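Asker: Take a look at this one; I'll ask things after.
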Amino acid sequence: MQERADKRFWSLLCCFAFLSQFKPSEPFLVDFLVGTKGLSNVDVYNSVFNLFVYARLPFVALVGLISELPFVTSRGLFVVGAMCSIATVLLTRFGDGLESQQTAQFTVAFSIASHMTMPALVFTMTPPAQCQDRIYTVKAVMLLSNCCSAALGELLQDAGMPLANLFDVSTIAQFLGFFCVMLLLPTTLDDGEPAAPQANAGPDSADDHEIGSMPLLSSGCGSDVLSWLQHLHEPLTDLWSSIRLRGVMWWTAWALVMTPVHGLVLIHWQSLVRDKAFTGNHNGSMMAGIYFVASIMIFISRRIKPLFACPSVAIIGSTLVSGLLLCRIVSESHEGLLFLCLLTYLCIFDVMTAMRTFQVGHEVTQATASNSANKSCARTRGCARLTLLFSTTVTLAGITEATIQVIMCSFKSVAFRIKGMGISLTVLATVFMLVRACEAVVAAYRRRRGRGIGASGKSVLGNSNMCCPLWSWPPPLLKPTCLQQVPLLINESSGTADRV
């Protein structure tokens, strides 16, 4: 029965992931707003799409904060997100005037923000050995959905279907996704045991323990909120400890650089193609090819051994190549080569995003399990903190994206905007190289110093998994008590740790 419940949960989650992204109208959104709704190309990216950048920031932060409320569940956030997704396609399809299209940017912003609970739910409901496979699979399913929807949109468009009818198809898909969410009931057995082994349990993973359709608000809602506000320092302490993990710190830096650029590229690429005045309209075919290749790459790489020891290599390489590709996209005058460069750029980002999601979640859950086994803290991080961690990262990236958007509003040319982002990525990749070189120098110095302290190049330190090798802040007196109670033998040459 446990295996059957796990398969049901996993199937419904994959169906929801697929349907939530199935929007055949998406590749032709700019053409629809300009050709059917009567907006200008400048209005689209200066008065409509820019609102999505500003709206997503508070919604992402809101999702991260309310995920810590004791009466909020992942399923509840999915339900609200699915309703917002339905509202988005309806507003875009039937709304008249600029105001309705601007409102749709707020609903789609919350819908996308609600999807951040999905990795935390996967880590909570999945055995640790299967986490990488399922995280990558969910990402591949979402990209495959984008591929199928874009291919269908291109096929229907070539067959002469009006653009407005493509939004009807998108509406049907979103209603089906909402139906899957409603069927995504808590997968528990009669005795209250979770249907799947949990990596780590957390306070906001109420889906794993509630039976039936528990109401969103309990009778003690007021006292629960007051208790949550009084103990806000606990999740913030857990969040700080998670960010200080070396791998999490590197991937957070990558997300703060790449995520804002990726979001702005997705907003502006259709306007760039339109400004180049290519004879044909192959946006649907191009998007289908991009998402198909990306989904295949992610699905293949789901069994590859993660680069836990050297995440900086993947981070520096992807940032540098992405910057060069964006510069090439702007200068390219041939439609096929432009789409090829765009395909490569988006594939790199999607594959690296799947890698980042798993490695961050794995490192945080492993550190939590280690702290729990050592009994180093009275309260250890739970898997629920992943939602707070991911939302914090996206919030910081959103602040960066909004700042870039404000700066770019003074640039009239879309091509100049994208080229500026490409040059910025190239410069930041160079900065990452310098940071990695400094990190290597510090590690070599500590290794040489360690030879004078203990045999075989080992030194006795605090829990250095919580600290970046380059910086030794905060000072030892300011470190949380739980970080000073677990002495480890750190072998810096191999990156392994042995408990003393």
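No lab work stands behind these numbers, since they all come straight from the coordinates. Keep in mind that this is a model prediction, so the values were computed, not measured. Here Cβ is always computed from backbone atoms with ideal geometry, including for glycine, and neighbour counts include all displayed protein chains.
Asker: Against the empirical 2.2 N^0.38 Å scaling, what ratio does the C-alpha Rg of region 46-144 come to? Spell out each step's value before the answer.
Answerer: Working: Rg = 15.5 Å, N = 99, 2.2 N^0.38 = 12.6 Å.
Compared with the compact-globule rule of thumb, region 46-144 sits at 1.23.
Asker: Here's something else I'd like to know. What is the distance, in nm, between label points placed 7 Å from the Cα along the Cα-to-Cβ direction at Asn165 and at Thr403?
Answerer: Here the answer is 4.8 nm between the modelled labels.
Asker: Suppose the chain between Met182 and Ser11 were pulled fully straight at 0.36 nm per residue; how much longer would it get relative to their current alpha carbon spacing? All intermediate terms of the calculation are to be shown ahead of the outcome.
Answerer: Numbers: separation 171, 0.36 × 171 = 61.56 nm, distance 1.34 nm.
Extending this stretch completely gives an extra 60.2 nm.
Asker: Of Lys139/Lys305; Lys23/Lys276; Lys305/Lys419, which pairs sit farther than 29 Å apart, going by alpha carbon to alpha carbon?
Answerer: On the way: Lys139/Lys305 17 Å; Lys23/Lys276 25 Å; Lys305/Lys419 34 Å.
Correct reply: Lys305/Lys419.
Asker: As an exercise, use a Förster radius of 35 Å and the Cβ-Cβ distance of Glu335 and Thr237 to find the FRET efficiency, rounded to the nearest 0.05.
Answerer: Details: r = 52 Å, r/R0 = 1.50.
Efficiency, rounded to the nearest 0.05: 0.10.
Asker: With a point put 7 Å past each Cα toward its Cβ, work out how far Asn41 is from Ser424 in nm, to one decimal.
Answerer: That separation, rounded to one decimal, is 2.3 nm.
Asker: With a ≥ b ≥ c the root eigenvalues of the C-alpha gyration tensor of region 41-85, is it rounded (a/c under 1.5), prolate (a/b larger than b/c) or oblate? Don't skip to the answer; put the middle values down first.
Answerer: Values: a/c = 6.71, a/b = 2.32, b/c = 2.89.
Oblate, because a/c is 1.5 or more while a/b does not exceed b/c.
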